[in-house]
1. Within the stretch A:129-152, work out how many residues are open to solvent by 30 Å² or more (accessible area, probe 1.4 Å), among the hydrophobic types (A, V, I, L, M, F, W, C) and outside any loop (DSSP other than H, G, I, E, B).
2. Could you please tell me which pairs satisfy a Cβ distance under 6 Å, a separation of 6+ or placement on different chains, a first residue in the stretch B:55-67 that is farther than 13 Å from A:GLY276 by Cα, and a second residue that is at pLDDT 95 or above?
3. I'd like the full set of residues that are open to solvent by 70 Å² or more (accessible area, probe 1.4 Å), within 25 Å of A:SER180 (Cα to Cα) and charged (D, E, K, R), limited to the stretch A:442-501.
4. Do you know which residues across the stretch A:312-353 are farther than 29 Å from A:GLN375 by Cβ and either among the aliphatic types (A, V, I, L, M) or buried (at least 24 other Cβ atoms within 10 Å of the Cβ) (or both)?
5. How many residues does the stretch B:31-44 contain that are of a type outside the set (D, E, K, R) and either free of Cβ contacts under 8 Å to residues at least 12 places away in the same chain or open to solvent by 80 Å² or more (accessible area, probe 1.4 Å) (or both)?
6. Please tell me if A:ARG186 is surrounded by fewer than 24 Cβ atoms within 10 Å (Cβ to Cβ) and not polar (S, T, N, Q).
7. Restricting the stretch A:283-301 to residues that are of a type outside the set (A, V, I, L, M, F, W, C), part of a loop (DSSP other than H, G, I, E, B) and within 24 Å of the chain's Cα centre (by Cα), which is farthest from the other protein chains (Cβ to nearest Cβ)?
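The values are calculated or read from the model by the stated rules, or taken from the named source; none is laboratory data. Predicted model only: the values in this text are computed from it and were never measured. Here the Cβ is made from the backbone with ideal geometry for all residues, glycine too, and neighbour counts use every protein chain on show. The protein model used for the area step is the full one, side chains on, heavy atoms only, and it has no ligands, DNA or RNA in it. Shrake-Rupley method; radii C 1.70, N 1.55, O 1.52, S 1.80 Å.
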Amino acid sequence: MKIYLPLDSVAVALGADDLAAAITAHASKTGVQVELIRNGSRGMVWLEPLIEIEAPEGRIGFGPMTLADIPALFADLAQHPKAVGLVEALPWMAGQTRLTFARCGVIDPLNFNDFNANDGFAGLARALDMTSSDIVAEVTASGLRGRGGAGFPTGIKWKTVAEAKAAQKYIVCNADEGDSATFADRMIMEGDPLTLIEGMAIAGLATGATKGFVYIRSEYPIAIDIMQKAVLLARVNGVLGASVMGRGPAFDMEIRVGAGAYVCGEETSLLNSLEGKRGVVRAKPPLPALQGFMGLPTVVNNVISLASIPVIMAKGAAHYAAIGLGRSRGTIPLQIAGNVKYGGLFEVGFGLTLGQIVDDIAGGTATGRPVKAVQVGGPLGAYFPRALFDTPFGYEEFAGKEGLIGHAGLTVFDDSADMLAQARFAMEFCAIESCGKCTPCRIGAVRGVETVDRIAKGDTAAIPLLTDLCATMKSGSLCALGGFTPYPVLSALNHFPADFARTKEAVE
Amino acid sequence: MLDTATLTTRTDEICAAHLGREGALLPILHDIQAEFGYVPQDCLQQIARALNISRAEVHGVVSFYHDFREMPAGRHVIKLCRAEACQAVGADDLSAYARAKLGVDWHETTPDGSVTLEPVFCLGLCACGPAALIDGKLTARLDTAKLDEILGDLA
């Protein structure tokens, strides 16, 4: 009997390791031969821990599993109380276009042969037969834009690094996924780490970089462990090292661990951190592409950008670019979180409306109460009210509504949410995490908390002050932390004015 | 109390293991904290000398990052997620309950030295919150009952 049980952080946080022990114990007690594979997560978080058993017709799912549900796995499976049917046929799975996450949850993430047998390294193999400028052209033609949130065309960034003259160049993968509601980077690193390594190796071929770093946040202990093992695996099998796959130039990489600073997700701050310094933001220019890590030309890309490269190279730029909406090409792994009935990761072409995502895919709130607001793009993203649910998911479309898609995380709140409290939190978070380099962010965020507190006490004169402060932070901050904190604050204020209209009498 | 000889020897060994790496300071500090449970003031000068930077620079880095402790923590460390996705499913109420029950505020340790309570901003468990990291172990779908059970096991 072949049993799949995720090693993904979600499954582990919900007891997967205890379930694994129980399966092994039960198997030896009953004398049943069990092959237990710890796979990545399929991304259906409401079903986690999700156990899958291989059957002639496909993999059958059982979830959410508890210890009490284990013995019944060794009886008539059709009668199992947690059976959900064929996993691939579930509407959540069938409705997706899985390109970047095609193998996540399917394969054993640390089985090299499993990866190879499922189209692994097809993109790298093709890239090895191409010139570096052809690889860059292919990535540019795919329309891939930075999935970390900034949306800068990946191919253009690579071209800048490729054309820079230097003895040493670097590929730095930004795995400091600190935005609340985002977990796509974590899921791919835990569920299909070799894809990321393959993407980084291709980036090395394209730009002439021979050294890579993955900077992973310390809050992701399982992702760090899996990535470290995957790098060793890739090195032992000759993918990384003195010659990529034995026929390319040199490329090797290291896993580095952050230390709990949100601002290090900003690329220049990350580079300083990687150099062993305080994670303080650098002014741009110079661009990291020209003067990045150790002052040398450096590609800094998000995990999902790099992990999407192999499938783009394998299937061709045209295949990827054919999917999407407007200038947002390809697929985006939506991360649906917070108060939702069905939460998790849903990879799909750009273009679904916010309403389709929240109402149809996520099924509304877990509490069953009406949706009040959806914060899109993490702590620096705007709160969207139901009135804007017709906004299609795309970079320009969200920017047009005073919002951003960021790293494509969506946090759903029901009608019990207090939007003034959310605005206050945005300022408080910015104050805690500010690197301190620029004044609008360092001081502005502290003043922001105080100003929101005045509004909470019924001082309506503080409202224009808050708006003014936000304008200063937006245009005067060095990076997106201070510059984008106004998005959640102003969207809360503009779309939910009732929550800010507190009378002095009511407060007193 | 750490004895000085052990501190000096281990700090030397840890520095030596990372020397020559590009940007060795963070890996060194992570190892120091893993070894001693915090970053003792007494090893800063030694690290500075090994990397040929000033003690002030090392201190600057230690104090910048939330992860590095300048004092030992309690026997157990509870990190409760305070970020938005967990807020949407009751994290604020849960953390208020935890603070009241433990009788400590954020970043404080119970008087008996058993538990240190810290905030964390996102563990990537955003569709199954509220989430927490208890002594390095992830847990999710927390409520007051589950938290009571965890606290009971720690005591």
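1. Here the count works out to 2.
2. Listed pairs, sorted by first residue: B:ARG55/B:LEU44; B:ARG55/B:GLN45; B:ARG55/B:ALA48; B:HIS66/A:GLY260; B:ASP67/A:SER218; B:ASP67/A:ALA259; B:ASP67/A:GLY260.
3. If the condition is that a residue be open to solvent by 70 Å² or more (accessible area, probe 1.4 Å), within 25 Å of A:SER180 (Cα to Cα) and charged (D, E, K, R), then A:ARG442, A:ARG447, A:GLU450, A:LYS474 are the ones that fit.
4. Of the stretch A:312-353, the ones farther than 29 Å from A:GLN375 by Cβ are A:312-319, A:321-322.
A:ILE312, A:MET313, A:ALA314, A:ALA317, A:ALA318, A:ALA321, A:ALA322, listed by residue number.
5. Count: 1.
6. For A:ARG186, the condition - surrounded by fewer than 24 Cβ atoms within 10 Å (Cβ to Cβ) and not polar (S, T, N, Q) - is not met.
7. A:PRO288
Conditions tested, residue by residue: (1) within 30 Å of A:ALA125 (Cβ to Cβ); (2) touching a residue at least 40 places away in the same chain (Cβ under 8 Å); (3) away from every other protein chain (no Cβ under 14 Å).
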position: A:ALA318; (1), (2), (3): yes, yes, yes
position: A:ILE323; (1), (2), (3): yes, yes, yes
position: A:LYS341; (1), (2), (3): no, yes, no
position: A:LEU345; (1), (2), (3): yes, yes, no
position: A:ILE357; (1), (2), (3): no, yes, no
position: A:ILE361; (1), (2), (3): no, yes, no
position: A:PHE389; (1), (2), (3): no, no, yes
